[in-house]
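K.L.:
What follows is a structure written as structure tokens; I'll ask about it next.
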Amino acid sequence: MSRSLKIAYATLVYLFLYLPLVVMVVYSFNASRFSMQWKGFTLHWYDTLIHDASLIQAALHSLAIAAVSATVACFIGTVTALAIHRWRFVGRKVIHAVLFVMMMSPDIVIGISLLVLFMTLSLPLGFWTLLMAHVTLCVPFVAITVHGRLQGFDPHVVEAARDLGAGEYEVWRHIVLPMTMPAVLAGWFMSFTLSLDDVIIAFFTTGPTFEVLPLRIYSMVRLGLKPEINALCAAMILITAVAVVTTQGLLKERK
Amino acid sequence: MNGSAPLVRLQQVCKRYGDQVALVDVDLDIFNGEFVTILGPSGCGKTTLLRLVAGFEPVSSGRIQLNGRDVAGLPPEKREVNTVFQSYALFPHMTVFDNVAFGLRMRGQAPEEIQRRVGDALSLVQLTGFEARRPHQLSGGQQQRVAVARAIVNRPLVLLLDEPLSALDYRLRKQMQLDLKHLQRRLGITFILVTHDQEEAFSMSDRVVVLNAGRIEQAGPPNEVYEQPRNLYVARFVGEINLLDGLVDRVEGERVVLRIDHLNVRVKSNRTFAPSDRVHVLLRPEDLRVETLKDLADNPALKNSFADGGYFLGTVQETIYKGATYDVAVLLDNGRPIMATEFFNAEDATVYFRPGDRVAVSWIEGWEVLLPHEG
């Protein structure tokens with residue numbers, strides 16, 4: 001009795017979370033152009049999608065920004081995490097706190113504040129401004145993920161390596177880096193997804209010269225829902241899902 | 001052994017963390033091939049002592065010499081000393097082989113040499129065949145042995161062991177105590193072990209150093225520390241102890257006549273006392289003799305052999321069964337509680353004493369230890 005209740009409850013929760021996505025994915029295969037009525041299965045919308053040059057252009061922009069900003073954020077975030085883990089310097093706690101504040105800040109605040117900054121510096125909005133914005137968005141996530149893993153280490157491991165003859169460089173190379181790598185990679189995938197999905201910050205920090213996919217979708221939707229959009233979103237869900245699963249796998253490994 | 005120069009020499013070593021004092025004026029010489037145990041309660045500074053020798057932390061003042069060389073400013077990777085950590089601190093992302101080979105690789109040894117020496121080290125700790133495992137695939141005892149192999153493979157001058165057995169269960173700990181001792185004898189490497197377990201210290205080491213609140217209370221062979229504790233702290237820390245307070249009546253050469261309550265007791269001491277000094281008489285539970293008043297009355301021969309210097313009267317409070325022995329808790333008529341250890345008779349394997357029994361308590365003459373009264 002209580003078991004079937006539990007199953008029913010869980011089903012409701014999952015329905016609530018994923019039903020919209022399922023509906024969208026299903027309609028991406030719907031042969032009907034305008035109505036919400038089911039007119040049979042088709043791959044037509046996916047076909048239009050890959051032949052839409054400007055859409056592909058936006059998708060490539062998005063992937064490029066996601067990959068580059070994830071890589072840069074990983075570098076900065078990892079160094080930050082290592083620094084606040086390894087050394088006790090003035091301002092260490094402030095940096096740690098600021099990371100959390102940045103992670104929790106509404107995207108719209110980050111977007112507008114960066115816009116103000118870029119305008120003050122008279123930077124033309126485009127690839128570089130968006131890249132900086134997304135690096136800013138992602139650094140805290142990487143830093144906190146990597147720092148969490150470092151905290152989980154036996155602190156004597158580094159001492160053991162020193163004791164066995166490893167200098168500062170060898171300790172980084174053979175101990176700290178390999179042990180943090182799963183968290184760094186997880187941070188990369190997390191950043192990649194964050195950047196790929198971001199609409200709000202991109203809205204403020206990129207210009208007409210550099211259009212990214214989420215913004216493109218946003219402008220397309222303003223003219224009405226089209227089946228191509230369903231297909232496009234379904235493809236993005238797939239990429240996101242792969243990234244999330246990979247992240248989880250990396251973080252779980254060797255725990 | 002004592003004729004040669006010490007391998008490790010600590011001179012006036014102090015360590016402070018801010019206002020907190022961890023070690024005060026520690027002087028200690030450790031000789032080549034010795035197995036020395038630093039014994040003390042948690043927080044007494046014993047781990048700090050190891051960390052100073054290993055080079056993880058600098059001394060606040062004083063000097064540490066290794067093999068005749070002052071090691072101030074020398075980082076851990078440049079000291080010919082290796083450590084076995086309490087948590088083992090194995091590298092989780094490396095196999096057993098790579099863990100053990102780490103030190104040799106850092107020193108740029110040739111691959112064939114590494115192969116051979118890692119093989120030797122693993123066979124010494126009986127882990128041949130485990131080369132490809134990761135630390136998390138091993139039991140606690142096996143991890144401990146990897147940690148030992150990882151350290152001894154480098155043939156250090158000194159091996160430092162920081163409570164290496166504390167995470168193991170009782171039986172395994174006993175076994176590892178023996179294994180470590182045999183390993184030390186076989187390799188001839190100087191071992192400095194830190195522990196809070198006096199039994200472990202006594203059963204493994206050539207010399208025990210009792211540390212308390214950052215100071216060395218006593219250093220010496222296990223039997224000396226146990227039988228001739230230098231003060232009450234050491235006496236209490238290394239085993240159960242019974243205390244009687246006395247007053248020196250007179251000194252007769254090597255012997256001292258004490259007045260304890262109504263009794264005049266003649267005891268031996270290698271310390272010098274003057275009449276009317278207040279003293280503690282220390283008695284281990286196994287040195288005490290207890291007989292019931294009834295038996296003494298019934299058996300004159302027993303009474304004659306029991307104690308010619310007199311005895312204390314008391315009442316049995318309870319008996320505590322220990323397996324091979326049992327403890328008898330006696331409340332003396334002077335109000336002092338006493339604990340005596342009794343062995344089971346060959347013909348009678350039952351606890352002889354009953355709560356409420358009136359008993360006489362004495363001790364085997366010459367086994368007592370006399371200390372000056374400590375406030």
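K.L.:
Can you pull out every residue in segment B:327-375 that is assigned to a loop (DSSP other than H, G, I, E, B), of a type in the set (Lys, Arg) and either more than 20 Å from residue B:241 (Cβ to Cβ) or touching a strand residue (DSSP E or B) at 6+ places or on another chain (Cβ under 6 Å) (or both)?
P.N.:
B:354
K.L.:
Collect the residues in segment A:114-160 that are within 14 Å of another protein chain (Cβ to nearest Cβ) and in a loop (DSSP other than H, G, I, E, B), keeping them in residue-number order.
P.N.:
Within segment A:114-160, A:152, A:153, A:154, A:155 meet the criteria.
K.L.:
While we're looking at this one, here's another question. Cβ-Cβ under 7 Å, sequence separation 6+ or interchain: first residue in segment A:61-73 and under 15 Å from residue A:128 (Cβ atoms), partner of a type in the set (D, E, K, R) and modelled with pLDDT under 95. Which pairs?
P.N.:
Note: pairs meeting the criteria are A:61/A:211.
K.L.:
If the Cβ limit is 7 Å and pairs must be 6+ apart or interchain, which residue in segment B:138-160 that is touching a residue at least 40 places away in the same chain (Cβ under 8 Å) pairs with which residue that is of a type in the set (Phe, Trp, Tyr) and not in a loop (DSSP other than H, G, I, E, B)?
P.N.:
From segment B:138-160, the pairs are B:150/B:102; B:159/B:191.
K.L.:
Hey, another quick one. For segment A:207-252, give me each residue that is within 14 Å of another protein chain (Cβ to nearest Cβ) and exposed (fewer than 13 other Cβ atoms within 10 Å of the Cβ).
P.N.:
Residue satisfying the conditions is A:252 alone.
K.L.:
Right, here's the next one. Please return the ranges of strands (runs of 3 or more DSSP E) entirely within segment B:190-307 where 1 or more residues are more than 22 Å from the chain's Cα centre (by Cα) and touching a residue at least 12 places away in the same chain (Cβ under 8 Å).
P.N.:
It comes to B:242-252, B:255-260, B:263-268, B:278-283, B:288-292.
K.L.:
Here's another thing I want to ask about it. For segment B:1-76, which strands (runs of 3 or more DSSP E) that fit wholly inside it have 1 or more residues that are assigned by TED's automatic domain parsing to the domain that holds residue B:220 and more than 24 Å from residue B:185 (Cα to Cα)?
P.N.:
The strands (runs of 3 or more DSSP E) meeting that bar are B:8-17, B:20-30, B:61-66.
K.L.:
Quick check on my filter: what residues within segment B:217-266 are at pLDDT 90 or above and of a type in the set (Asp, Glu)?
P.N.:
Residues satisfying the conditions are B:217, B:224.
K.L.:
Please enumerate the residues belonging to segment B:205-229 that are hydroxyl-bearing (Ser, Thr, Tyr) and out of contact with any strand residue (DSSP E or B) (no Cβ under 6 Å at 6 or more places or on another chain).
P.N.:
Answer for segment B:205-229, where residues must be hydroxyl-bearing (Ser, Thr, Tyr) and out of contact with any strand residue (DSSP E or B) (no Cβ under 6 Å at 6 or more places or on another chain): just B:226.
K.L.:
Would you call residue B:100 over 27 Å from the mean Cα position of the chain (by Cα), more than 8 Å from chain A (Cβ to nearest Cβ), in contact (Cβ under 8 Å) with a residue 24 or more places away in the chain and within 13 Å of residue B:143 (Cα to Cα)?
P.N.:
Taking the combined requirement at face value, the residue satisfies it.
K.L.:
Kindly establish whether residue B:82 is within 10 Å of chain A (Cβ to nearest Cβ), assigned to a helix (DSSP H, G or I) and either crowded, with 22+ Cβ neighbours inside 10 Å or among the hydrophobic types (A, V, I, L, M, F, W, C) (or both).
P.N.:
The answer is no for residue B:82.
K.L.:
Something else: Might you let me know whether segment B:166-183 holds any residue that is more than 13 Å from chain A (Cβ to nearest Cβ), of a type in the set (Phe, Trp, Tyr) and not in a helix (DSSP H, G or I)?
P.N.:
no
K.L.:
Count, please, the residues in segment A:43-54 that happen to be part of a loop (DSSP other than H, G, I, E, B) and closer than 16 Å to residue A:213 by Cβ.
P.N.:
Summing the residues that are part of a loop (DSSP other than H, G, I, E, B) and closer than 16 Å to residue A:213 by Cβ in segment A:43-54 gives 1.
K.L.:
Tell me, which residue of segment B:85-97 that is surrounded by 23 or more Cβ atoms within 10 Å (Cβ to Cβ), more than 7 Å from chain A (Cβ to nearest Cβ) and not hydroxyl-bearing (Ser, Thr, Tyr) is farthest from residue B:128 (Cα to Cα)?
P.N.:
Here the answer is B:90.
K.L.:
In segment A:27-42, is there at least one residue being out of contact with any strand residue (DSSP E or B) (no Cβ under 9 Å at 6 or more places or on another chain), in a helix (DSSP H, G or I) and at pLDDT below 90?
P.N.:
yes
K.L.:
Among the listed residues B:368, B:286, identify the single one that is of a type in the set (Asp, Glu), surrounded by 13 or more Cβ atoms within 10 Å (Cβ to Cβ) and out of contact with any Ser or Thr (no Cβ under 8 Å at 6 or more places or on another chain).
P.N.:
Testing whether each residue is of a type in the set (Asp, Glu), surrounded by 13 or more Cβ atoms within 10 Å (Cβ to Cβ) and out of contact with any Ser or Thr (no Cβ under 8 Å at 6 or more places or on another chain) leaves just B:368.
The values are calculated or read from the model by the stated rules, or taken from the named source; none is laboratory data. For clarity, every value in this text was computed on a predicted model and none was experimentally measured. Cβ atoms come from the backbone with ideal geometry, glycine included; neighbour counts cover every protein chain shown.
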